[in-house]
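Structure, as C-alpha cells:
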Amino acid sequence: MEALMPIVEVVQGFRFESAHFLPNVPDTHRCKTMHGHSYRVDVHVTGPTGERSGMVIDFFDVDDAFEPVMAALDHQVLNTVEGLENPTAENIAIWIFNTLSGLKGISKVVVHETEFSRASYQG
C-alpha cells in the first residue's frame, strides 16, 4: 500500500521596483499619472511533499522560473510590457501567474503594491 504524501503550500517571495500609471481611471485619480512602487510578489506552489526530498518544490526552481518575470518587470514602466497596458495590481497578478504557468504546482500569485494593498490571483 502506497503512503499518501502530505499536501503542502510553499511560498517564495520576490521584490521588484517599477513605474506605472493607470490609463483607465478618471483624470482626477492620483494614479492617473506616472508613479512608482516597490512591489512584493508571493508565488504559491501547492503539491505533495516528495518522498525522498521532503519538498513540494525546490525554492531554487521557483527562483529560476521567476527570472524572466523579474527581467520583464524590474525597473521598467509596466505600461510598456506586453499584456500590462493597464497595470493594476490585479492585472499584474494575473500576468505573473500566466507567465509562470509552466511552473508545476503553481496555485496563487499575490502582488503587494503597497504595505497595505495587494491583489491575489488563483488560476
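Regarding VAL25, is this residue under 28 Å from GLU82 (Cα atoms) and under 16 Å from the mean Cα position of the chain (by Cα)? In short, no.
Scanning region 1-13 for residues that are over 19 Å from PHE116 (Cβ atoms), open to solvent by less than 60 Å² (accessible area, probe 1.4 Å) and touching an Asp or Glu at 6+ places or on another chain (Cβ under 9 Å) returns a single hit, GLN12.
With respect to PHE60, determine if the residue is modelled with pLDDT of 95 or more, touching a helix residue (DSSP H, G or I) at 6+ places or on another chain (Cβ under 9 Å), over 12 Å from GLY105 (Cβ atoms) and not small (Gly, Ala, Ser). In short, no.
The values are calculated or read from the model by the stated rules, or taken from the named source; none is laboratory data. Note that this is a predicted model, so its numbers are computed, not measured. FYI the Cβ positions are ideal-geometry reconstructions off the backbone, even for glycines, and counts take in every protein chain you see. Heavy atoms of the whole protein, side chains included, go into the accessibility calculation; ligands, DNA and RNA do not. Shrake-Rupley method; radii C 1.70, N 1.55, O 1.52, S 1.80 Å.
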